[in-house]
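First the structure, in the form of structure tokens, and then the observations on it.
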Amino acid sequence: MREAIFHAEVGDDVYGEDPTINQLEKLAANKLGKESGLFVTSGTQGNLLAVLSQTERGDEVIIGEESHIFYSETGAIASIAGVQTRALESVDGRIPISKLINSIRTTEDLHQPKTGLICLENTHARSGGSILPLHDMEEVYKVSNKHNIPIHLDGSRIFNASTALNIDVRQISQYANTVLICLSKGLSAPMGSILLGSKETILKARRWRKALGGGTRQVGIVGAAGKIALETMVERLEDDHILAKTLAENLNHIPGLQVINTKVETNIVIVSLKNSAFNSKEMINFLKNKGILVSRINEYTIRFVTHHEISHEDIKRTISTIKKLLVN
């Protein structure tokens, strides 16, 4: 990737003149079966653009209460897009279809906002990288079409889902009007995401991106790495899944630890420390001093994520390090 960055052909992307970014956007659109794509600096920016380009101020957005958009994006869709969220209880990212149907609001009642957008997330980060079943997505899509409500899919880790299901990613993306993919997670580019959708929607998103200060000039240096990510890194994601499952199985046998997402489907392992003598901050600092980086979910819950720079030996060392701390 560093070599590709060095040799990248660049131009002004604000004017659509960066050839590398144009190639990247087209590549992503083709892979996901969408008309058009837009390079954005982050998944958070891409999700916000999806809301801005498909809703009106005062609309309501149906969303899962544990979704990244609702939980981890600073309330931007409220403060910037001017929409309110209707956060529904979900299980592993799955909103019961009956609950979703009952939550849809139209313009018939002047007292209520209308439902302007439905947001899904696949894989679901706070549920340990769980996968939304295709039949669930299809059901939501049918309901959305019936009520003429678009669906946005936060597919930051969509390729982890398609890899685990052993299907073409378009079998997932077909059930959403817009899809956000991240290049800097499992695909390992240094930065960047891509918002995908119809030409009309992406044109609106491009204008909103400019308004938010997201227009960039010679950004092809980043796009070159993104192309490699899409072309070469998807096929190896299964390796990350295997390592995550190995990690989870072993951590679950260490006294004081409990793996919350017992069915590890992709590359995320969420662990409770409640039965140990440590809280999240203490465990994170201890592991960091040992060269092992994990993140905090809450006071007694931490998250492990596997990626291409994590080897089987790293997993063994992580297990051994934690075992020595808690068992000895």
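Laid out as a table, the results:
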{"read-out": "Every residue from segment 111-142 that is under 21 Å from GLN54 (Cα atoms) and either in a loop (DSSP other than H, G, I, E, B) or of a type in the set (Phe, Trp, Tyr) (or both)", "value": "GLN112, PRO113, LYS114, ASN122, TYR141"}
{"read-out": "Counted residues, segment 7-47 - those being crowded, with 24+ Cβ neighbours inside 10 Å and without any contact (Cβ under 8 Å) to a residue 24 or more places away in the chain", "value": "0"}
{"read-out": "Filter pass, ILE118 being closer than 25 Å to SER193 by Cβ and of a type in the set (A, V, I, L, M, F, W, C)", "value": "yes"}
{"read-out": "Count - residues of segment 152-183 that are farther than 15 Å from HIS124 by Cα and without any contact (Cβ under 8 Å) to a residue 40 or more places away in the chain", "value": "4"}
{"read-out": "Residue in segment 174-188 that is among the charged types (D, E, K, R), under 30 Å from GLU3 (Cα atoms) and not in a strand (DSSP E or B) present", "value": "yes"}
{"read-out": "Residue count, segment 39-61 (criterion: more than 15 Å from the chain's Cα centre (by Cα) and among the hydroxyl-bearing types (Ser, Thr, Tyr))", "value": "2"}
{"read-out": "Test result for THR216, more than 24 Å from ILE268 (Cα to Cα), in a helix (DSSP H, G or I) and touching a residue at least 12 places away in the same chain (Cβ under 8 Å)", "value": "no"}
{"read-out": "Residue in segment 158-178 that is touching a His at 6+ places or on another chain (Cβ under 9 Å), hydrophobic (A, V, I, L, M, F, W, C) and within 15 Å of LEU32 (Cα to Cα) present", "value": "yes"}
{"read-out": "From the options ARG217, ARG207, residue that is charged (D, E, K, R) and under 25 Å from ILE151 (Cα atoms)", "value": "ARG207"}
{"read-out": "Verdict on TYR141 being among the aromatic types (Phe, Trp, Tyr), without any contact (Cβ under 8 Å) to a residue 60 or more places away in the chain, within 18 Å of GLU35 (Cβ to Cβ) and in contact with a helix residue (DSSP H, G or I) (Cβ under 6 Å, 6 or more places away or on another chain)", "value": "no"}
{"read-out": "Residue list for segment 91-111, filter: at pLDDT 95 or above and either among the polar types (S, T, N, Q) or surrounded by fewer than 17 Cβ atoms within 10 Å (Cβ to Cβ) (or both)", "value": "PRO96, ILE97, SER98, LYS99, ILE101, ASN102, SER103"}
{"read-out": "Pairs with Cβ under 7 Å, 6+ apart, first in segment 95-113 and assigned by TED's automatic domain parsing to the domain that holds ARG57, second in a loop (DSSP other than H, G, I, E, B) and polar (S, T, N, Q)", "value": "ARG105/GLN112"}
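The values are calculated or read from the model by the stated rules, or taken from the named source; none is laboratory data. Note that the structure is a prediction, hence the values are computed from the model and not measured. Please note: Cβ atoms are built from the backbone with ideal geometry, for glycine as well, and neighbour counts cover all protein chains shown.
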